[in-house]
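S.K.: Handing you a structure now.
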Amino acid sequence: MLIIDCPYCGKRPELEFAYAGQAHLVRPRDPSTLDDEAWAQFLYMRANTRGMHAERWRHARGCGRFFNALRDTTSDRFAATYRIGTAPPVAAEDAR
Amino acid sequence: MSRQRFSALSLIRGGLSRQVGWQAQWRKAEPKPSYDAIIVGGGGHGLGAAYYLAKEHGLTNIAVLEKGWIGGGNTGRNTTIIRSNYLFNESAALYDHAVKIWERMSQELNYNVMFSPRGVMMLAHTVHDTQVAKRHVHANRCNGVDNEWLEPDQAKAFCPLLNIEQNIRYPVLGAALQRRGGTARHDAVAWGYARAADALGVDIIENCEVTGIRRLAAGGVAGLETTRGFIASSKVGVAAAGNTSVVMQMAGIKLPLESFPLQALVSEPVKPVFPCVVMSNTIHAYISQSDKGELVIGAGTDAYTSYTQRGALHINMHTLDAICELFPMFRRMRMLRNWGGIVDVTPDRSPIIAKTAVPGLYVNCGWGTGGFKATPGAAHVFAWTIARDQPHPINAPFTIERFRDGFLIDEAAAAAVAH
């Protein structure tokens, strides 16, 4: 089981968290202008990275808040967790 | 190339001659500079595609590249369940195509894949389950796929160990039974296809990982960069399961896939006690007994994407809790081994078997948690797609473009596994 460092509550077991998919996907500002191809990209296409992956988690059985994390999908080790709205810490990404 | 044929006589002869006369089942091939077609991925889907390309489409100058060893990925890691009771017409056609090939596969390959149509029983525990299961029964029968509804006492008659007491948390309210479903020996599927493809001249190259896809100026495929050098080919079929996104990214193609760990475990071997396959999607229990005597138990996927081929213990515990409640007799069984495989899951839980935007590049992926059952059918239509540069009618709906065009084949609820 993973130990996940919630930026608001600290380290807790994975059971308290819900995974919420790839991070930094921005909903289109003006959806009506998108064509089908762009919609498919936004809705369905994912990076599915083998390596350092930026992803969202929610501390569902804790504070309830969403946050982002950088995790290496080849080892499941977290490099960093950071708050929604902030950029991924570059140092952590390089530290791999 | 002539191969030893297996028969009752050859087995007896082997027994009398101390089993020393057996040949290798396939050659250790060295990569040639170029091939007419290359399959990436030496699991059941890839080896099967190579076999059908050679047998039905006359393409014998082909290679299968495998980064590890034959059948060492999901082909050797799944729980070997075979069934075709999917809801939608497109899925029923695809999976039943596979079941029909399973039924004659051992004879065709002259290799015993131990296909055992012992019946797959899917349990219903709630009113909603019951309604969904009955809908499946009716939809399947309209599509010529056998499926029947059992009341709890009939379910217990079919699987006597089943606990149908109504005082448990999720009592059994009934079950849908596909009698043509069952299990097969997963390793034998890879080995049988490898042996048959090799006999037709296919080069099976292990320990050869693809590191890049080289393109022609016009855009088409020129060949593959691998850990064993460049290999030219104008046709490449990718059947790389959990690593499909990684391979396809080398040609700049993004797919609607996410790769998750899926776990399974087996118990200590015991005498035959469990006559069928029982599945419960509501409480995540999938169980059968192998011919070695182990209970083979499938757990759910972990919550997060990963390429680690392992998962967390609490996922297994969740499944074992359900097994213990459904089959109280197994409460003191000890588990021997657990492991994980990486499954590539699509948003609609249906596979992709299709051409891609790159000419000469084809993909068979997105099988999620249920690719084993489809192995021969998927391999057969994938070979057709590669050979003719157009889909077989059975896999025509399973395109990448369906996500753009809105023609999803939404088996998310129907696939009956823990997504």
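The values are calculated or read from the model by the stated rules, or taken from the named source; none is laboratory data. All values derive from a computational prediction rather than experimental measurement. All Cβ positions, even for glycine, are placed from backbone atoms using ideal geometry, and neighbour counts span all protein chains on display. For accessibility, only protein heavy atoms count, side chains too; no ligands or nucleic acids. Shrake-Rupley method; radii C 1.70, N 1.55, O 1.52, S 1.80 Å.
S.K.: Quote the accessible area belonging to B:ARG3 in square angstrom, nearest 10, computed with a 1.4 Å probe and with ligands, DNA and RNA left uncounted.
M.R.: Surface open to solvent at B:ARG3 totals about 60 Å².
S.K.: Gaussian network model of chain B, Cα springs within a sub-10 Å range: biggest mean-square fluctuation belongs to which of B:MET121, B:MET250, B:MET279?
M.R.: Top of the fluctuation ranking is B:MET250.
S.K.: Compute, for region A:1-48, the length of the dipole vector about the Cα centre, with Cβ point charges of +1 (Lys, Arg) and -1 (Asp, Glu) only. Units Debye, rounded to 20.
M.R.: Values: 5 positive and 7 negative charges, 49 e Å.
Taking the Cα centre of region A:1-48 as origin, the dipole is about 240 debye.
S.K.: List, largest first, the extents of the alpha carbons of region A:3-95 along their principal axes, each in whole Å.
M.R.: The Cα atoms of region A:3-95 stretch 42, 29, 21 Å along the principal axes, largest first.
S.K.: Follow-up. Treating only the Cβ atoms of Lys and Arg (+1) and Asp and Glu (-1) as charged, compute the dipole magnitude of region A:3-95 about its Cα centre; round to the nearest 20 debye.
M.R.: My answer is approximately 440 debye.
S.K.: For chain A, what does the helix formula give at 222 nm: sum of -39500 (n - 2.57) over DSSP H segments with n ≥ 4, over the residue count, nearest 500 deg cm²/dmol? Display every interim value, and only then the final one.
M.R.: Values: 2 runs with 13 residues, N = 96.
About -3000 deg cm²/dmol.
S.K.: Still on this structure: Relative to the first principal axis of the alpha-carbon coordinates of chain B, what is the inclination of helix B:313-326, with its axis defined by its Cα atoms, in degrees from 0 to 90 and to the nearest 10?
M.R.: 40
S.K.: Of the beta bridges DSSP finds with both residues in chain B, what % are antiparallel, to the nearest 5?
M.R.: Numbers: 45 of 62 bridges.
In chain B, approximately 75 percent of DSSP beta bridges are antiparallel ones.
S.K.: Could you please put B:LEU11, A:LEU2, A:LEU70 in sequence from largest to smallest accessible area, using a 1.4 Å probe?
M.R.: B:LEU11, A:LEU2, A:LEU70
S.K.: Here's a follow-up. Protein chains only, probe 1.4 Å: how do B:ARG5, B:ARG83, B:ARG118 rank by accessible area, largest first? Present the calculation step by step, with values, prior to reporting the outcome.
M.R.: Numbers: B:ARG5 160, B:ARG83 5, B:ARG118 45 Å².
Greatest to least solvent exposure: B:ARG5, B:ARG118, B:ARG83.
S.K.: Take chain B, connect every pair of alpha-carbon atoms lying under 10 Å apart with a spring to form a Gaussian network, then pick out the residue of B:ALA378, B:ALA303, B:ALA50 with the largest mean-square fluctuation.
M.R.: Between B:ALA378, B:ALA303, B:ALA50, it is B:ALA303 that shows the largest mean-square fluctuation.
S.K.: Have a look at B:GLU66, B:GLU148, B:GLU268 and tell me which one the Gaussian network model of chain B (Cα, springs below 10 Å) gives the largest fluctuation.
M.R.: Per the Cα network of chain B with a 10 Å cutoff, B:GLU268 tops the list.
S.K.: Find out how many positive minus negative residues lie around B:GLY212, taking Lys and Arg as positive, Asp and Glu as negative, among other residues whose Cβ is under 14 Å from that of B:GLY212. Walk me through the numbers before you get to the answer.
M.R.: On the way: positive: B:LYS67, B:ARG214, B:ARG215, B:ARG228; negative: B:GLU209, B:GLU225.
Residues near B:GLY212 contribute +2 overall.
S.K.: Here's another thing I want to ask about it. For chain B, find the longest principal axis of its Cα atoms and tell me its angle to the long axis of helix B:375-388, 0 to 90°, nearest 10.
M.R.: Here the helix axis deviates by roughly 30 degrees.
S.K.: Could you pull the accessible area for B:TYR111 with a 1.4 Å probe, rounded to 10 Å²?
M.R.: Accessible surface of B:TYR111 is approximately 40 Å².
S.K.: Still on this model: At a 4.7 angstrom Cβ threshold, list every cysteine in chain A that has nobody to pair with, or say none.
M.R.: A:CYS63, each lacking another Cys Cβ under 4.7 Å.
S.K.: May I ask for the angle, rounded to the nearest 10°, between helix B:44-57 and the longest principal axis of chain B, with both axes built from Cα atoms and the value confined to 0 to 90°?
M.R.: The answer is roughly 50 degrees.
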